[in-house]
Amino acid sequence: MVYSRTDNDRPTILLVDDEEEILIALSDILEDDYTLLTTTDPLEALELLSQHPETATIISDQRMPGLMGDRFLARADEISDARSILLTGYADLEAVVSALNEGNVQAYIHKPWESESLRTLVAEVTQHCLSQRALRTEQALLRGLMEALPLNLIFSDAQGNSIRSNVKDKLDEYWGDEITHYPPALRDEILKMREETRRNGQSERLVAEQVTTNSGAIKTRWHELNRLTLAWPKNVPQEQAWQVCLDRDVTRRVTIESQLRQAERLESLGTLAGGVAHDFNNLLAAISGSLEMLEDDIAPDKLQALRFLQQAKDAVQRGAALTRRLLQFGRSKQDSLKEVPIRRFLADLEGILGQSLRGGGQRCELVIHPVSEGVPLILTDPQQLEMALLNLCVNARDAMPHGGKVEIKARLVEHSLKNAPSYCAPCHAVALDVADEGEGMPPEIIDRIFDPFFTTKEVGKGTGLGLSGVYGFITRCYGDIRVISKPQQGTVMTLFLPIVTSQITEESSKENFHAATDNQKAQKHRILVVDDEDMIRLVVSNFLEIDGLEVKNARNLDEALALLDSGYHPDLAILDVRMPSHDGPSCARFLQQRLPNIKLLYMSGDVANLDLGGAPLLSKPFTQEMLLRSVHELMN
């Protein structure tokens, strides 16, 4: 027969005796302080133990039919951590001593018992069980926590002797020395932190470790170390207290923070570049235009003068290219993103990439690996991607002064681009590798190659803007870039580009202009040139007048409106984008109010964050041919 009196706030005791009178007597003594389970059958008692793992104490008679008390408690010990008390008479002492020696029984009581002694003994045994159970729970929680923590946790005394660690097994020969629980690169810092923690109670460090991957590449792993004292042992000064050190791998966080700082630097540089680019390109445009007009006045036999003239024109183009690279850093997401078939893109680009490898005097071979037909469309700005690949190829060429091979390979990989649009694959990308056999780079150089103006090339051979431009472009286009390099083992630059998984609704693109043929002569169109720079107005006006066009110019909106008031009604307005008081788009709105059919052509060296309403733009500096072609395309 089984009886159960329960109270969730009280310890549970199991009473087992084949005489119900004994169970009743025990219950009368214990029921006020404990939840009681009672039974006359030891086999049934084993089932109760299985159903009530919270049982803290078992009180069992020794002499019971079917199963003696000491044997019952031995079996109970296999399924429960409850403590045991054996009820016995003097004749059973031999069995009791045997049970005590085997550890199956923690105490025994003679029949008949004294009630107060029984209560005291039961309380002691029960409290011991509950304390042991709580201790084991705490130990299990701590062990589970240490094993599951995504960081290394090392407890030690003030002298550096290990107390507990989730880094090494205790069987390790050097487990006792705390310093062996850390990589060699961290050990000097750990010793400093130990002394600092003794003095101040805590210490923090961010330490770099160079690790070699399975592929042989060297990468930087960042450790965030936090060390503090514990309030143990009791009543000892801080210098003698135990210490705990947390070693967290924060490589991903440091990388993200570095990328953020890089983006902020590029944004600041772009803002600065945008401020000076307009004026700088105005100068280049004036110089370029003046050189073009001067060329017509130099006799063909003046070879020396023509050479100097050509050098000046080349310098202007280099300056313009430098400005474009500079502006590339600060651009917002205004790149012309399109669906691009990478297979056809690389095939079309093979010629120009091959030429770039022949520019430095080295004999470099270009190998573009065939692209699988299954590689999907990528989302990118094809012009910017072309410039990025040209930059990477030129860098590869310069890294191989004695020649070598540059390999380009496109492949489909698993790579998460978290900021990619919803119509792109979330967990896959196209990896575009550019690999060379050059000098390679040490880790300290790899960490800086995307910094603006950082270059390892000789003075005059590098601006330090190429890779920064590549980084800026690839991040604006939702991509990613990785570098693998070791000294004397070459370099692999990998661009990760988002994959298009659904149709993109593209914005209407600008009209594709075609240059006018030689026999297409412009009519006597009237053109208004508005620019705040005198030299730009002079150059542009001369370019147009040479082609037989009627031109008037103005330095600002007021002068332009005055010309309209005087009866001059232009067919086309060529407007500088950035001007004081009223910029190009503002001037255009006023002119269109007066002349709704007037056509617009903008010119500028910086168009960041400006809406030109779909009108064409001519980037400064430009040649006479570029200007006239744009005018003819608009007017014809």
Grab the strands (runs of 3 or more DSSP E) fully contained in the stretch 539-636, keeping just those with 1 or more residues being of a type in the set (D, E, K, R).
550-554, 572-576, 599-604
Hits in the stretch 59-91 (condition: buried (at least 20 other Cβ atoms within 10 Å of the Cβ), of a type in the set (Ser, Thr, Tyr) and either within 20 Å of Leu118 (Cβ to Cβ) or over 60 Å from the mean Cα position of the chain (by Cα) (or both))
Ser60, Ser84, Thr88
Quick check: is even one residue across the stretch 344-363 over 24 Å from Gly472 (Cβ atoms), at pLDDT 90 or above and either assigned by the TED database to the domain that holds Val211 or in contact with a strand residue (DSSP E or B) (Cβ under 8 Å, 6 or more places away or on another chain) (or both)?
no
Over the stretch 237-257, the set of residues aliphatic (A, V, I, L, M) and assigned to a strand (DSSP E or B) is Val244, Leu246
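Per-residue answers, yes or no, for (1) of a type in the set (Gly, Ala, Ser); (2) open to solvent by 10 Å² or more (accessible area, probe 1.4 Å); (3) in the same structural domain as Ala285 (by the TED database):
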{"residue": "Val540", "(1), (2), (3)": "no, no, no"}
{"residue": "Asp547", "(1), (2), (3)": "no, yes, no"}
{"residue": "Asn553", "(1), (2), (3)": "no, yes, no"}
{"residue": "Ile574", "(1), (2), (3)": "no, no, no"}
{"residue": "Ser581", "(1), (2), (3)": "yes, yes, no"}
{"residue": "Met603", "(1), (2), (3)": "no, no, no"}
Show the residue pairs meeting these rules: Cβ distance below 8 Å; 6+ apart or different chains; first residue within the stretch 479-490 and open to solvent by less than 50 Å² (accessible area, probe 1.4 Å); second residue in a strand (DSSP E or B) and of a type in the set (Phe, Trp, Tyr).
Gly479/Phe496; Asp480/Phe496; Ile481/Phe496
Kindly establish whether Glu124 is assigned by the TED database to the domain that holds Leu26 and more than 17 Å from Thr12 (Cβ to Cβ).
no
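Filter the stretch 351-397 for residues that are without any contact (Cβ under 8 Å) to a residue 24 or more places away in the chain and either among the charged types (D, E, K, R) or surrounded by 15 or more Cβ atoms within 10 Å (Cβ to Cβ) (or both) and give the result.
Initially, the stretch 351-397 is screened for residues without any contact (Cβ under 8 Å) to a residue 24 or more places away in the chain, giving 351, 354-355, 358, 361, 370.
Across the stretch 351-397, the qualifying residues are Gly354, Arg358.
If I ask for residues that are hydrophobic (A, V, I, L, M, F, W, C) and either open to solvent by 70 Å² or more (accessible area, probe 1.4 Å) or part of a helix (DSSP H, G or I) (or both), which ones from the stretch 104-138 would you list?
Answer for the stretch 104-138, where residues must be hydrophobic (A, V, I, L, M, F, W, C) and either open to solvent by 70 Å² or more (accessible area, probe 1.4 Å) or part of a helix (DSSP H, G or I) (or both): Leu118, Leu121, Val122, Ala123, Val125, Cys129, Leu130, Ala134, Leu135.
Taking the stretch 33-58 on its own, how many of its residues are open to solvent by 50 Å² or more (accessible area, probe 1.4 Å) and touching a helix residue (DSSP H, G or I) at 6+ places or on another chain (Cβ under 7 Å)? First the steps, then the outcome.
To start, the set of residues in the stretch 33-58 that are open to solvent by 50 Å² or more (accessible area, probe 1.4 Å) comprises 33, 41, 43-44, 47, 50-51, 53-54.
Pick out the ones that are also touching a helix residue (DSSP H, G or I) at 6+ places or on another chain (Cβ under 7 Å) and you get 50.
Number of matching residues: 1.
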Which residues, taken from the stretch 408-449, are under 27 Å from Val211 (Cα atoms), open to solvent by 40 Å² or more (accessible area, probe 1.4 Å) and in contact with a helix residue (DSSP H, G or I) (Cβ under 9 Å, 6 or more places away or on another chain)?
Glu437, Asp447
Go through (1) crowded, with 16+ Cβ neighbours inside 10 Å; (2) under 35 Å from the mean Cα position of the chain (by Cα) and name the single condition Pro184 misses.
(1)
Please work out if Asp531 is buried (at least 21 other Cβ atoms within 10 Å of the Cβ), assigned by the TED database to the domain that holds Val577 and either modelled with pLDDT under 90 or not aliphatic (A, V, I, L, M) (or both).
yes
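Residues checked against (1) at pLDDT 95 or above; (2) in contact with a strand residue (DSSP E or B) (Cβ under 8 Å, 6 or more places away or on another chain); (3) under 28 Å from Arg136 (Cα atoms):
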{"site": "Arg10", "(1), (2), (3)": "no, yes, yes"}
{"site": "Glu21", "(1), (2), (3)": "no, no, no"}
{"site": "Asp33", "(1), (2), (3)": "no, no, yes"}
{"site": "Val96", "(1), (2), (3)": "no, yes, yes"}
{"site": "Glu114", "(1), (2), (3)": "no, no, no"}
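The values are calculated or read from the model by the stated rules, or taken from the named source; none is laboratory data. Model, not experiment: these values are computed from the prediction. Because the Cβ atoms are built from the backbone with ideal geometry, glycine has one as well, and the counts that use them run over all protein chains shown. Note: areas computed on protein heavy atoms with side chains; ligands, DNA, RNA excluded. Shrake-Rupley method; radii C 1.70, N 1.55, O 1.52, S 1.80 Å.
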